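Taking it in order: structure first as structure tokens, then the write-up.
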Amino acid sequence: MIYALKGDIAYSKNLNELSTYKNHYLICDGKKSLGVFKSIPKKFKVSKIYNFSDKLIIPGLVDMHLHAPQYSFIGMRMDLELIDWLNTNTFPEEAKYKNKKYAESAYKIFASDLKKSATTRFVCFATLHYDATSILFDLLEKTGLKGYVGKVNMDRNSTKELSETKEDSIKNTLKLIKKVSKNKNVKYIITPRFIPSCSNELLKELGKISKEYSLPIQSHLSENRSEVLWVKDLLPESKSYADAYHMFELFGEHTNTVMAHCVWCNEIDMKLMENNKIWVAHSPSSNRNLSSGNAPIREYLDRNINVGLATDVAGGSYLSMFRTIEDTITTSKLKWLEKDIEKEKNTSTKELKSLKFNEAFYLATRGGGKFFDDGDTKVGSLAEGFDFDCLVLDDKNFDTTLYKELTIEERLERFMYRPNEKLVAKFVAGKKII
Ligand code: GUN
Ligand code: FE
């Protein structure tokens, strides 16, 4: 079926430039965009027109990293750094998902709120439990959103209540891969929690499984300084934190790999990230809440490393990708300031320009969207040939008398900075889900 959306359309042409179209038609054929037109070309047999005149139409937003089981304590218990936060707050909560009833109730709320949010695609951690993760897959599959979920693998350095043997970890991973192999929307991603949580034997097996089943990989990298030192202690033979993954073929050698945070990466890490085409999932809210630091996103972009944006719920204290865009920009200014202060002290000569709105918008759409490219599938834009993922936004609640004078770019920028988000409609791969 071919249908059209009429409104004020914007998408990223590239990292720096936005394409905008006032009062145009965005046309969808099946699951793909046919592009943007001033009027509907006769050759298209359009069977329905959605009139979103005066509303903004933009690509869907991609959340590159979040933890579904942590949604239950979002916005609470933020006064610790990573390792203490995991042991005190996170592991006890994730242990509750052993109980299928609890998992089902909690994951229903998560799936329902994610569906209502501006996120169209996601990359998500579950817990280590087979049953709970299976429930999460089923609930998310039904939302119509698209994404990846992985059962967490963790066979060391956890609490008694939240632990698994290497054998169970592998067995349940394989069982879930099989169970979800026919899913249309939500696919499996290999999910070693992070190096401190996984024995060498488990890491080795996960590298092999990813290769054998051609599955992508997600994990955490260099989030916190004590964590980086701990990894060096655990794997003294590794040349860096990234190398610890690389030793087990878990660092983009044969598949798409996304690493959350990447706050404290050194030169060896960055070279490996460049060479293995790693995605950085930049999580500004979480990096601030857990006092982790501020990731050098400008440097990653200058090095042509893939960057997407992420909420990292519940290290991140909101589910909103609009706020993630705002925080990406504002924290990049602090990063620039930090480097400038260092420069005056003569410890660094590098300048890290802060990010502009257009750049952050690109990262939230095409930056993460590229992770989902596959064969003839392309994600993160509204140009012809891309999967039809889009959002319709109502920004009329701002000063309506002046509103008509603003450019689409100005309206969009302001929408991201203002808390009163109003999402009118949401389409994922051509399907209207709100
Ligand atoms: N590193 C390992 N596990 C986690 C987690 O659950 N959240 C965050 N932010 N970092 C981690
Ligand atoms: Fe995380």
Going through the range 3-18 one residue at a time, which ones are buried (at least 16 other Cβ atoms within 10 Å of the Cβ) and either under 30 Å from L355 (Cα atoms) or among the β-branched types (V, I, T) (or both)? G7, D8, I9, A10, Y11, S12, L15, L18
Within the range 64-78, is there a residue that is more than 14 Å from ligand 1 (Cβ to nearest atom) and touching a Phe, Trp or Tyr at 6+ places or on another chain (Cβ under 7 Å)? no
Assess whether N89 counts as being surrounded by 18 or more Cβ atoms within 10 Å (Cβ to Cβ) and polar (S, T, N, Q). yes
Expected single match for outside any helix (DSSP H, G or I) and within 29 Å of E227 (Cβ to Cβ) among K96, K160 is K160
Check A295 against each of (1) surrounded by 24 or more Cβ atoms within 10 Å (Cβ to Cβ); (2) not in a loop (DSSP other than H, G, I, E, B) and name the one condition it does not meet. (2)
Which residues, taken from the range 181-206, are closer than 30 Å to G144 by Cα and buried (at least 17 other Cβ atoms within 10 Å of the Cβ)? N185, V186, K187, Y188, I189, I190, T191, P192, R193, F194, L206
I'd like the full set of residues that are within 16 Å of ligand 2 (Cβ to nearest atom), part of a loop (DSSP other than H, G, I, E, B) and β-branched (V, I, T), limited to the range 179-201. I189
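Among the listed residues K101, K42, which satisfies the condition of being assigned to a helix (DSSP H, G or I), more than 12 Å from ligand 1 (Cβ to nearest atom), exposed (fewer than 15 other Cβ atoms within 10 Å of the Cβ) and at pLDDT 95 or above?
K101
Looking at the range 266-292 only, could you name the residues that are in a loop (DSSP other than H, G, I, E, B) and either more than 30 Å from P92 (Cβ to Cβ) or away from ligand 1 (no atom under 16 Å from the Cβ) (or both)? Break it down stepwise before answering.
Of the residues in the range 266-292, the ones in a loop (DSSP other than H, G, I, E, B) are 266, 276-278, 283, 290-292.
Of everything in the range 266-292, those that are in a loop (DSSP other than H, G, I, E, B) and either more than 30 Å from P92 (Cβ to Cβ) or away from ligand 1 (no atom under 16 Å from the Cβ) (or both) turn out to be N266, N276, K277, I278.
Would you confirm, using the coordinates I've provided, whether A242 is more than 16 Å from L82 (Cα to Cα), under 22 Å from the mean Cα position of the chain (by Cα) and crowded, with 24+ Cβ neighbours inside 10 Å?
Here the answer is yes, as A242 does meet what is asked.
The values are calculated or read from the model by the stated rules, or taken from the named source; none is laboratory data. The model shown is predicted, which means the values in this text are computed figures rather than measured ones. Note that each Cβ is placed from the backbone with ideal geometry, even for glycine, and that neighbours are counted across all protein chains shown.
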